[in-house]
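Novice: Here you go, one structure.
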Amino acid sequence: MKYVNVIGAGLAGSEAAYQLAKRGIQVKLYEMRPVKNTPAHHTQNFAELVCSNSLRADGLANAVGVLKEEMRILDSLIMKAADANAVPAGGALAVDREGFSGQITDYLSQHPNVEVIREELTEIPDGPTIVATGPLTSDALSAYIREMTGHHSFYFYDAAAPIIEKDSINFDKVYLKSRYDKGEAAYLNCPMSEEEFNAWHEALVNAEVVPVKEFEKEVFFEGCMPIEVMAKRGRQTVLFGPMKPVGLEDPKTGQTPYAVVQLRQDNAAGTLYNLVGFQTHLKWGEQKRIVQMIPGLENAEIVRYGVMHRNSFINSPVLLRPTYQFKTRDDLFFAGQLTGVEGYVESAASGMIAGINMAKYMLGEELIEFPRETAMGSMAYYITHTSCDGFQPMNANFGLFLDLEGRVKKKEKKAMYAARAIEKIKECKELL
Ligand code: FAD
């Protein structure tokens, strides 16, 4: 009998297994816990939430809310369990974590098409396989994937600066210019006076950081230095480092500012910008406060916060197709955080696409690429089409969606993105 191996029963693997099993495909679901644990999981349950119990914003005003709605429409096990185990959390969808993962574990363990095997896989087996072993993939399997994909295509750490939406930048203050006008003007520059820099520096050195977990300590040796650590070494370290103003005169005044924060385009569509040299380990609330103190970024919408943590992921722009299928082996798919999507919901959504497409592959049907108008499709497109140079994991956000046609008022944009996504996903449902 034909079957599919799914390696890892986390957020992505559980969703992928469900999508296969409900389509009549036999699944061997490999999960190494409790035989072998990761440094962050505490139970033997599938789809364990390793940190927060929130699946972030619900409702359609936010891209991750749209993503959840798309998954509900396409019948997601993760969303069914989340909705059934929701706890009060204002505009967010938070869950009773044990009820949530317990329900998923029971459902899959009892499914006649799913055989659960509690074992660590140290290699990718022959035959149809989905690899969904997550950001903390075991060392042996990491080494195998690294060998298979080439050493430059497997990353162990994620050291990223915050990314913001271009639409939220105040262009009355921010200007486009490259240092000494070399080449095409490529950077957006946020100028700071001495007074503004002093206040900002003071806030940064006193801001709260996320405590570093024991297993993550090595990231600071391998990764680059966080901006707050640089700032603590002294004002000059940042003034002669990432905030160096020379060659960046403000065209409005003709003066060189005291300090400059530079923003670099982050996606091909030019809707997202990252803060150059601002990789950080600050708490998310603190990041928002510190970023919004920068002139021109007072209303900045952060679509992805800076992180510095252990996070295994492959170079998807080189290795994967938007169906999450491996480019050089048709019966191999990757899913979850390992592909460079970031977050519980995004991981589960990628598992859904990989599961649906593996089922289609097994049934000899044409695979489906979700359209870029949808949250699911925009993420798949991002991880497979972004520049492979400095590829970093990404949360769902409207900046990744295909642009709306015609002129649209800024305040109406989100609702229009959401309505279009829901319409498109309903069309996709007809093809499943
Ligand atoms: P996982 O859910 O981790 O599932 C992978 C599974 O594979 C695990 O069950 C693991 O035991 C198993 N496995 C690993 N190697 C093998 C092997 N060789 N053989 C068999 N099984 C194996 N995202 C958020 O949205 N909110 C948060 O608060 C959040 N906090 C995080 C905190 C930490 C410390 C980390 C590392 C990540 C966090 N994330 C968070 C990011 C991410 O969304 C989650 O890690 C998410 O669980 C990823 O889903 P996944 O399915 O890709 O991996």
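The values are calculated or read from the model by the stated rules, or taken from the named source; none is laboratory data. None of the values given here were measured: they were computed from a predicted structure. Cβ coordinates were reconstructed from backbone atoms using ideal geometry, including for glycine residues, and neighbour counts include every protein chain displayed.
Novice: For segment 208-266: of the residues being touching a strand residue (DSSP E or B) at 6+ places or on another chain (Cβ under 8 Å), at pLDDT below 90 and not in a loop (DSSP other than H, G, I, E, B), which is surrounded by the most Cβ atoms within 10 Å (Cβ to Cβ)?
Specialist: VAL219
Novice: Which of the following residues is within 14 Å of the ligand (Cβ to nearest atom) and farther than 26 Å from PHE370 by Cα: VAL50, VAL64? First the steps, then the outcome.
Specialist: On the way: VAL64 fails: farther than 26 Å from PHE370 by Cα.
Selected residue: VAL50, the only one of VAL50, VAL64 that is within 14 Å of the ligand (Cβ to nearest atom) and farther than 26 Å from PHE370 by Cα.
Novice: Separate question: Return the residue satisfying two criteria in turn: it lies in segment 343-365 and is over 15 Å from ALA47 (Cα atoms) and assigned to a loop (DSSP other than H, G, I, E, B), and of such residues it is farthest from the ligand (Cβ to nearest atom). If you could, list the steps in order and put the result at the bottom.
Specialist: Here is the first cut: in segment 343-365, the residues over 15 Å from ALA47 (Cα atoms) are 353-365.
Now narrow it down to the ones that are assigned to a loop (DSSP other than H, G, I, E, B): 363-365.
Working: LEU363: 24, GLY364: 28, GLU365: 25 Å.
For segment 343-365, the residue satisfying everything is GLY364.
Residue by residue, here is whether (1) of a type in the set (Val, Ile, Thr); (2) more than 16 Å from the ligand (Cβ to nearest atom); (3) modelled with pLDDT of 95 or more holds:
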{"site": "MET71", "(1), (2), (3)": "no, no, yes"}
{"site": "LEU108", "(1), (2), (3)": "no, no, yes"}
{"site": "THR129", "(1), (2), (3)": "yes, no, yes"}
{"site": "PHE154", "(1), (2), (3)": "no, no, no"}
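Novice: Here's a follow-up. From the residues in segment 26-47 that are buried (at least 22 other Cβ atoms within 10 Å of the Cβ) and among the hydrophobic types (A, V, I, L, M, F, W, C), which one is nearest to the ligand (Cβ to nearest atom)?
Specialist: MET32
Novice: Considering only segment 131-152, state which residues are within 10 Å of the ligand (Cβ to nearest atom) and among the hydroxyl-bearing types (Ser, Thr, Tyr).
Specialist: So in segment 131-152, the residues within 10 Å of the ligand (Cβ to nearest atom) come out as 131-142, 144-145.
Result: THR133, THR137, SER138, SER142, TYR144.
Novice: Looking at (1) more than 14 Å from the ligand (Cβ to nearest atom); (2) within 19 Å of MET379 (Cβ to Cβ), which is the one condition that is false for ARG56?
Specialist: (1)
Novice: Additional query: Restricting attention to segment 346-387, which residues are at pLDDT 95 or above and of a type in the set (S, T, N, Q)?
Specialist: SER347, SER350, ASN357, THR374, SER378, THR384
Novice: Tally the residues that are in a helix (DSSP H, G or I) and either surrounded by fewer than 24 Cβ atoms within 10 Å (Cβ to Cβ) or without any contact (Cβ under 8 Å) to a residue 60 or more places away in the chain (or both), restricting the search to segment 320-342. Before you say what the answer is, go through the steps one by one.
Specialist: Kept after step one, since they are in a helix (DSSP H, G or I), are these residues of segment 320-342: 336-339.
Restricting the remaining residues to those that are either surrounded by fewer than 24 Cβ atoms within 10 Å (Cβ to Cβ) or without any contact (Cβ under 8 Å) to a residue 60 or more places away in the chain (or both) gives 339.
Result for segment 320-342: 1.
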